Amino acid sequence: MKHWTFAGSTALVTLALTAPSWADVTPEEVWQNWQDLSAAYGQTITTESVERDGDTLVVTGLQMAYAKDDVSATGTIVELRLRDTGDGAVEITMSDTIPFDMTVPAEEEGGTPTEIGLLITQPGMVVIAAGDVAETSYDFTAPSVTVALDSIEGVDAEKVEMDAEFVLTNMAGKYLLGGTADARGINSSFQADSVAINVSGSNPEDQSSGVFAVTMADLSGTTNGTFLDMAAMEDMAAALKAGFATEGTFAYGATTYSFDVTEATGPTKMTGTADGGNLTFALDATRMAYGGSAKAASMTISGPEIPFPELAFGYSEAAFNFEMPVGPTPEPANFALLTKLVDVTVSDDLWGMIDPAASLPRDPATIVIDTTGTAKLTASIMDPAAMETLGDTPPGELYSLDVNEIRASIAGAELTGAGAFTFDNTDLVTFGGMPAPTGKLDLKLVGGNTLMDRLVAMGLLPEDQVMGFRMMLSMFANAGPGEDELNSTLEFKDKGFFANGQRLQ
């Protein structure tokens, strides 16, 4: 059994790339810094020999071991060579292959653990480190890096035959490191021409099999921050106070994927493409943020559970963004929430199940909810003890909310809106425990009545329910200048709630 990627195994690749980078001037200092870094992160290093050979420090039989919570991992580098280039830099090369073994405990007490063997192959990888102890930079290049499954043993694993691999092509990058052993500053970037993930397996017991493949082009990423040792990271709230911080980006280009599974009930197949996308993340003592986007994605799926030959789905753009404070701040801190799915399309077969007479327009659907604001927390959300102490008390105060965009369109109807509010946290009585708001939200609905008429004609909505909904709309909306248009301004002012100027509370 060979060639299976295991996501966690990339940690060893990262160590192989970054650990030698904490170089000063000599190979011995590079090697010592590697050992110091490994110890800080809870790893144990052993070697068969460490000897000078001219301008090169040769380390043989290098083994890196890590164990925590019954999970253990060991990586072995047969030979590591650190060559003094004579100009203040150190060239680091190593064995082309690195075996990596991991043991994962059984889910049930007394069960047999699963043992996974991986083989990391990186022919031609070179790292050039330069600088001093205070600040070190290095560049690395690798024509290819492959992480492949070499063996897997365990109760469940014995029932499955599997091949898998993860391959990066033409990878290059740069790191700049500084700080101390307790708090290291890292600024890094990387790029690769492509990545390919291929997994295949079969289960002889039920005669099932599957193949999964993904390719992504034009990979790039950055990571910046201050990283503490493993002991300090045990308590995340304390680590953030001590200076732990990280932020980064990841971007990718043209992507394709396929998934084929054959079972007793028949074959299931899924394929898809995308033009590219990105991810962003950040975490420090003041905020937590996570976001991403994708463009021009499409997917098709077929199988015995699909009631027609093929289901197709696609969209032109998707995005999400989440940001919030993580602990107390002197002033209100920013938060954000974005959900965006633009020009969603589905196959006519699915439309035909819902609307066989084609009574509804089959225009692409869109939903956008984009909000930002400010808030103050009274306790760290990373501190379980502090959160438990709050009980039913809210962990913070809301100060402002900006509704930058609301947009929802489907079957010929579209709702749009925008607005802004501020909140008085000294008044928790007027609106039943909620801080009293001031501000307004403007909404416009086009095509709503026509859509309701069509749904009634199709028998999907009872006419009496639609009549009740229209009566409710009349309380909050006025007819607009356009055909089948309703406008509404919902406003909080003077400790009251108004709809189109009429006070409702």
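The values are calculated or read from the model by the stated rules, or taken from the named source; none is laboratory data. All of these numbers come straight from a predicted model, not from anything done at the bench. Cβ: placed from backbone, ideal geometry, glycine included. Neighbour counts: every protein chain shown. The protein model used for the area step is the full one, side chains on, heavy atoms only, and it has no ligands, DNA or RNA in it. Shrake-Rupley method; radii C 1.70, N 1.55, O 1.52, S 1.80 Å.
When PRO307, PRO328 are checked against the criterion of being farther than 24 Å from LEU460 by Cα, in contact (Cβ under 8 Å) with a residue 40 or more places away in the chain and open to solvent by 50 Å² or more (accessible area, probe 1.4 Å), PRO328 stands alone in meeting it.
The listed residues are THR112, THR121, and the only one of them that is closer than 21 Å to ALA148 by Cα and β-branched (Val, Ile, Thr) turns out to be THR121. In segment 63-77 there is at least one residue matching the filter, namely being surrounded by 19 or more Cβ atoms within 10 Å (Cβ to Cβ), touching a residue at least 40 places away in the same chain (Cβ under 8 Å) and over 25 Å from ASP182 (Cβ atoms).
So if I check each of ILE367, ILE354, ILE381, which one is of a type in the set (A, V, I, L, M) and crowded, with 17+ Cβ neighbours inside 10 Å? Just one listed residue meets the conditions, ILE381.
Matching residues to (1) open to solvent by less than 80 Å² (accessible area, probe 1.4 Å); (2) within 40 Å of the chain's Cα centre (by Cα); (3) over 25 Å from ARG362 (Cβ atoms); (4) not hydrophobic (A, V, I, L, M, F, W, C):
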position	(1), (2), (3), (4)
VAL446	yes, yes, no, no
VAL456	yes, no, no, no
GLU483	no, no, no, yes
LEU486	yes, yes, no, no
LEU490	yes, yes, yes, no
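If only residues of segment 47-57 that are without any contact (Cβ under 8 Å) to a residue 24 or more places away in the chain and either of a type in the set (A, V, I, L, M) or not in a strand (DSSP E or B) (or both) are counted, the one that is farthest from ASN33 (Cα to Cα) is GLY54.
Listed conditions (1) part of a loop (DSSP other than H, G, I, E, B); (2) surrounded by fewer than 15 Cβ atoms within 10 Å (Cβ to Cβ); (3) modelled with pLDDT under 85; (4) out of contact with any Gly (no Cβ under 9 Å at 6 or more places or on another chain) are all met by SER474, apart from (1). Taken over segment 182-219, the criterion of being under 17 Å from SER144 (Cβ atoms), of a type in the set (S, T, N, Q) and open to solvent by less than 50 Å² (accessible area, probe 1.4 Å) is satisfied by SER194 alone. Checked against (1) of a type outside the set (S, T, N, Q); (2) assigned to a strand (DSSP E or B); (3) over 29 Å from ALA296 (Cβ atoms), ALA237 passes all but condition (2).
The lone criterion from (1) at positive phi; (2) open to solvent by 60 Å² or more (accessible area, probe 1.4 Å) left unmet by GLY124 is number (2).
Applying the criterion of being open to solvent by less than 40 Å² (accessible area, probe 1.4 Å) and modelled with pLDDT under 95 to the residues of segment 394-412, the residue that is farthest from the chain's Cα centre (by Cα) is ALA411. Comparison of THR422, THR389, THR416 shows that the only residue that is over 30 Å from TYR315 (Cβ atoms) and modelled with pLDDT of 95 or more is THR422. Looking at this structure, is GLY110 at pLDDT below 85, open to solvent by 10 Å² or more (accessible area, probe 1.4 Å) and under 30 Å from THR56 (Cα atoms)? Judged against the criteria, GLY110 is not a match.
Evaluate the following for ALA297: is it under 30 Å from PRO364 (Cβ atoms) and part of a strand (DSSP E or B)?
Criteria met by ALA297.
Quick grid of which residues meet (1) farther than 30 Å from VAL195 by Cα; (2) in a strand (DSSP E or B); (3) aromatic (Phe, Trp, Tyr); (4) out of contact with any Pro (no Cβ under 8 Å at 6 or more places or on another chain):
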{"position": "GLU108", "(1), (2), (3), (4)": "yes, no, no, yes"}
{"position": "GLY117", "(1), (2), (3), (4)": "no, yes, no, no"}
{"position": "GLY124", "(1), (2), (3), (4)": "no, no, no, no"}
{"position": "SER144", "(1), (2), (3), (4)": "no, yes, no, no"}
{"position": "LEU149", "(1), (2), (3), (4)": "no, yes, no, yes"}
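For the criterion of being in a strand (DSSP E or B) and under 21 Å from LEU341 (Cβ atoms), ALA282 fails.
Residues considered: ALA232, ALA238, ALA242. Of these, the only one that is at pLDDT below 90 and in contact with a Leu (Cβ under 7 Å, 6 or more places away or on another chain) is ALA242. How many residues, within segment 78-102, are open to solvent by 40 Å² or more (accessible area, probe 1.4 Å) and under 27 Å from the mean Cα position of the chain (by Cα)? Of the residues in segment 78-102, 1 are open to solvent by 40 Å² or more (accessible area, probe 1.4 Å) and under 27 Å from the mean Cα position of the chain (by Cα).
Which residue out of PHE313, PHE322 is open to solvent by 50 Å² or more (accessible area, probe 1.4 Å), modelled with pLDDT under 95 and of a type in the set (A, V, I, L, M, F, W, C)? PHE313 is the lone residue from the list that is open to solvent by 50 Å² or more (accessible area, probe 1.4 Å), modelled with pLDDT under 95 and of a type in the set (A, V, I, L, M, F, W, C).
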